[in-house]
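The values are calculated or read from the model by the stated rules, or taken from the named source; none is laboratory data. Quantities reported herein were computed from a predicted structural model and do not represent experimental measurements. So basically every Cβ, Gly included, is an ideal-geometry build from the backbone, and we count neighbours across all protein chains shown. When the accessible area is computed, the model is the full protein with side chains, heavy atoms only, and any ligands, DNA or RNA have been set aside. Shrake-Rupley method; radii C 1.70, N 1.55, O 1.52, S 1.80 Å.
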Amino acid sequence: MSEPVLYIVATPIGNLGDISSRALEVLASADLVAAEDTRHSGRLLAHFNIKAEMISVHDHNERQRAELIIQHLQNGAQVVLVSDAGTPLISDPGFYLVRAVREAGFKVSPVPGCCAFIAALSASGLPSDRFLFEGFLPAKSGARQQRLSQLKAEVPTLIFYESTHRILASLEDMAAQFGVERYAVVARELTKTFETIHGASLGELIDWMRADPMQQKGEFVVLVHGAPEKEAVIDPEAERIVRLLAAELPPKKAAGLAAEITGLKKNMLYQVLIAD
């Protein structure tokens, strides 16, 4: 008998051709498939002629379902968790279940695949070395603007999910907090027939979307360029320390020791010395 495992399986976000052969193999061999919406995931399984017992796992029943899934694992079952689309747990239920299964001593194994915000980031042309994924913002404008205000000085690329009914209002709130000139990208209906990826200033994006109501329909990822990174200033005392140390030590060692003393970055202090 194989080891009981809870598999976290990513499914397509639109184009069914994006499902992996490993995902299909795991789904086909599962004793139980836990789905956010059994009707939605049932159509996916039927498309690939996979017949499996299914149960729902969503925000309102996750704790109860965790107990049932652990019982299945105790009986040696292979269990798969899927969401409606993409990678489970990314702005979807599953956190409590995964933690409970791990704490019960069972293996949890990911089967990687589609993730809407990663797909959008890869095609956005925005910096991807550092990013901050926020998921869905609050539904009401006041709370949404408050959260955006807390994010406006963040340097990494900011990534949000948004729905048809709030996309225009969310862009307007972003423009109010980040400024109309801040560059952003709207990725709509990724991998689907009407996929759109459009980048411009927030002010221009709002005008573009108002001019074409069709661009307000679908599932959205909004990516916003991070705030400009403030240049750190080396205070005179830190400069004095690094120069004193450099009189007795090689520049790199002097910069490293000065960084420990001052809390500033080593490279910044090293640049002071080599600029002489």
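Largest mean-square fluctuation among 169, 184, 34, in a Gaussian network model of the chain whose springs join Cα atoms under 10 Å apart, belongs to 169. Net charge dipole, region 117-224: roughly 260 debye, given to the nearest 20, about the Cα centre with Cβ charges of +1 for Lys and Arg and -1 for Asp and Glu. Here are some pairs, 140/192; 152/217; 152/265; 51/107; 107/265; 107/140; which of them have Cα atoms lying more than 32 Å apart in this structure? Beyond 32 Å between Cα atoms: 107/265; 107/140. Residue 59 contributes about 120 Å² of solvent-accessible surface, heavy atoms of the protein only, 1.4 Å probe. From largest to smallest, the equivalent ellipsoid semi-axes obtained for region 1-129 from the alpha-carbon gyration tensor read 24, 17, 14 Å.
Per-residue accessible area (protein heavy atoms, 1.4 Å probe) orders 39, 22 as 39, 22, starting from the largest. When only the Cβ of Lys, Arg, Asp and Glu is charged (+1, +1, -1, -1), the dipole of the chain relative to its Cα centre reaches about 220 debye.
Here the spin labels are modelled as points 7 Å beyond Cα on the Cα-Cβ line, and at residue 96 and residue 28 they lie 3.5 nm apart.
Dividing the Cα radius of gyration of region 199-276 by its Kirkwood radius returns 1.45 for Rg/Rh.
Rolling a 1.4 Å probe across all protein chains gives residue 18 an accessible area of roughly 70 Å². Since only 73, 208, 30 are under comparison, the one whose Cα sits farthest along the positive direction of the charge dipole of the chain, derived from C-beta charges on Lys, Arg, Asp and Glu, is 73. Which angle from 0 to 90°, rounded to the nearest 10, does the C-alpha axis of helix 167-178 make with the longest principal axis of the chain? The two axes meet at around 20 degrees.
For region 74-116, the alpha-carbon radius of gyration amounts to 1.22 times the rule-of-thumb value 2.2 N^0.38 Å expected for a compact globular protein.
Among 274, 228, 109, pick out the residue whose Cα is farthest towards the positive end of the charge dipole of the chain, where Lys and Arg carry +1 and Asp and Glu carry -1 on C-beta, about the Cα centre. After comparing all options, I get 109.
Taking the chain on its own, what percent of its Cα-Cα pair distances exceed 34 Å? Within the chain, distances greater than 34 Å cover 42 percent of Cα pairs. Sorting 270, 183 by solvent-accessible area of protein heavy atoms yields 183, 270, largest first, with a 1.4 Å probe. May I ask for the angle, rounded to the nearest 10°, between helix 62-74 and the longest principal axis of the chain, with both axes built from Cα atoms and the value confined to 0 to 90°? It is inclined by approximately 70 degrees. Note on region 37-78 and region 220-276: Cα centroid distance 53 Å, given to the nearest whole angstrom.
Helix 251-262 and the long axis of the chain differ in direction by around 80°, with both axes built from C-alpha atoms. Label sites at residue 15 and residue 52, each approximated as a point 7 angstrom past Cα along Cα to Cβ, lie 2.3 nm apart.
Extension gain, residue 103 to residue 198: 0.36 nm times the residue separation minus the Cα-Cα distance gives 29.8 nm.
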